[in-house]
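Structure first, commentary second.
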Amino acid sequence: VVLVVVAVSFAPTINEPNIGLGSPSGGIPNPTSVAAASNMPVAAAQVTYVETEPDGSIRIVHANVDEVCPTDKAGCAPLQQASQSSLTLGAPPQALVASPINDQLLVLAGRSGSHPGSVIVVPIPTPAASGAPETPAATSTPVATIAPATPPSTHTPPPATTAPSASPAASAASTPVPTPTGARSIAENVLVVGEARYSRDGRWLAFSAEPLDGSTGPDLYVWNGTDPSAVALTTDHATYFSSWLDDRILASRLVDPRVLGASPEASTARSTAAPASTAPAPASPASGSAAPGASGSGSPIVFQLHPVSFLMDPATHATQDLAKPDVWLPTVDITDRFVTYWDGTLLGGPGLGGDASGTGFANIQLGAGHLVLDGWLDPLDTTGAGGSAAPGSNGTAPPTAAATTAPDASASPAAGGSPVGPAGTPIELAPGPITAFEARFDPSGTRLAVWVADASDPTVGTLRLVVLDRGHGRVDPTLTPLPSVRALKGVSIDTGRLAWVTPPGQDGNQSTVQVLAWANDDFGQVETVPGAQLTIVH
């Protein structure tokens, strides 16, 4: 009996290799055996983020994700920095976007700083190896003044379009920002609205921007990588860039209801079923439920707006409207199988949110509708992926919000044509009302990151990862690797990983860069050490 008792008491320490991240008895675990048991190898894409100082100087950090903790992050070593470099930008940027091969950094300056209203392309300095002193990385790069945008461009825009005029006085008054040699501003006196993205091959850059003074709404801009400045492709002041579909731009525009004869006193109906060609019914004056976030004295006039989304070739400027109405900011996965978008209406009104002219629709807000996942139909698709039949799909009525079966991407086009766009059998990802969202696919088209903003603060929200079953064309209900976490606006998803920044002050800590990585259907997490002013580079 004594021998049995002794053997049992020693068995856990000798024969149990996977004891977790700590000692159940409260003792000190063996560091070597715990590390080996807790780490899960992954082959994920590199994560790039920046730390911004109050003077606007930033440290660009590249981190390789090769190991994560499969369960609890406690006890895992922080994400290691593979390399780093430094730049001086003059002020914390609005957003940072890297080119596909990480040779350029797009800096959206925003409203503040020494060079407000600029869209700046910066060559990424050669990073210093991990462990090397930071000082040489920060000082070895020559410093120069930003070369301002110098239209006219050699890229010929459509005859009917001209870029919104920039104020020469404002340009002259701007203080140059010291940046590495080769940096240049491709747009000035503008504020980028929404996302800015490079095409997959890196040849094109697209974004929407409005004048810095808010005198009009946004137009769609493209830059071909060689011209002195970006070119505005629209002049309706109501076009919003969404994403790229191969080498075509996906964007959304708003139809001004006043052009169609609508008035705010005509009706208070808020139907989301009306086709885009029908005059939208204006909403009642803004209230807490009708127009979240509306501000200003009195009650501004609020219209209900119906979006029209379209595809545009950046080289020829040829456009094609999506067949389905009320599609806002669509994003299609790289294999052309799924699409996400806001399915519903929007709210806007003259002067709402600071439109100085009183003629545009500033501070556009989401109205009645929901964020959805849908199938994608594209007769121009040459990959053979879009419109393929999903095993087991039958094109029946749209599923309920709780269902996991995805729309039938092989549904027959409407008679008399081959429409492009959503299949029209959406699955709800987030119900309204919401104020803002981001939805991005990974390169395999099997992972979807969904971020929804808080009603009280559009810079903070909740993030989750949805796993897609491409073989059956549905959401996989058996895998919920990231049900819901708090995250700042701006997430990055790439091969094998999802990265985001935690809000400062969460759990009494500074922000950290969090990474969820996966190998097949095994998931794990790792994080950086806490820091201030952290930003994910898209």
| remark: Within region 499-532, of all residues that are touching a Pro at 6+ places or on another chain (Cβ under 8 Å) and among the hydroxyl-bearing types (Ser, Thr, Tyr), the one farthest from Glu53 (Cα to Cα) is Thr528
| task | Select from region 182-194 the residues that are in a strand (DSSP E or B), in contact (Cβ under 8 Å) with a residue 60 or more places away in the chain and open to solvent by 20 Å² or more (accessible area, probe 1.4 Å) and list them in ascending order. | result | Arg184, Leu191, Gly194
| message | Quick test of your reading of the structure: Thr425 fulfils all but one of (1) in a loop (DSSP other than H, G, I, E, B); (2) at pLDDT 90 or above. Name the failing condition by number. | response | (2)
| note | How many residues of region 443-452 are open to solvent by 10 Å² or more (accessible area, probe 1.4 Å) and either among the acidic types (Asp, Glu) or in a strand (DSSP E or B) (or both)? The answer is 2
| Answer residue from region 454-476, given it is under 13 Å from Asp521 (Cα atoms) and surrounded by fewer than 20 Cβ atoms within 10 Å (Cβ to Cβ) and is modelled with the highest pLDDT among those | Val467
| Do you know which of the residues in region 48-69 that are at pLDDT 85 or above and not in a strand (DSSP E or B) is nearest to Ser99 (Cα to Cα)? | Asn64
| Hey, does region 520-538 have a residue that's farther than 20 Å from Glu438 by Cα, among the polar types (S, T, N, Q) and in a strand (DSSP E or B)? | yes
| Enumeration of residues in region 435-475 that are under 21 Å from Asp343 (Cβ atoms) and of a type in the set (Ser, Thr, Tyr) | Thr435, Thr462
| message | Among the residues that make up region 480-492, is at least one of them free of Cβ contacts under 8 Å to residues at least 40 places away in the same chain, touching a Leu at 6+ places or on another chain (Cβ under 9 Å), open to solvent by 50 Å² or more (accessible area, probe 1.4 Å) and in a loop (DSSP other than H, G, I, E, B)? | response | yes
| remark: Condition set at pLDDT 90 or above and out of contact with any strand residue (DSSP E or B) (no Cβ under 6 Å at 6 or more places or on another chain), scope region 245-263, selection farthest from Arg184 (Cα to Cα): answer is Asp246
| Output for region 99-124, where each listed residue is modelled with pLDDT under 85 and of a type in the set (Ser, Thr, Tyr) | Ser112, Ser114
| Going through region 505-538 one residue at a time, which ones are open to solvent by 40 Å² or more (accessible area, probe 1.4 Å) and under 24 Å from Ser85 (Cα atoms)? | Gln510, Glu527, Val529, Pro530, Ala532, Gln533, Thr535, His538
| said: When the residues of region 195-220 are narrowed to those that are in a strand (DSSP E or B) and open to solvent by less than 10 Å² (accessible area, probe 1.4 Å), which ends up farthest from Val491 (Cα to Cα)? | reply: Asp219
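The values are calculated or read from the model by the stated rules, or taken from the named source; none is laboratory data. Please read all numbers here as calculations on a predicted model, not as lab measurements. Neighbour counts are summed over all protein chains in view; Cβ atoms, including those assigned to glycine, are modelled from backbone coordinates with ideal geometry. Side chains are part of the model used for accessible areas, which takes the heavy atoms of the whole protein and leaves out ligands, DNA and RNA. Shrake-Rupley method; radii C 1.70, N 1.55, O 1.52, S 1.80 Å.
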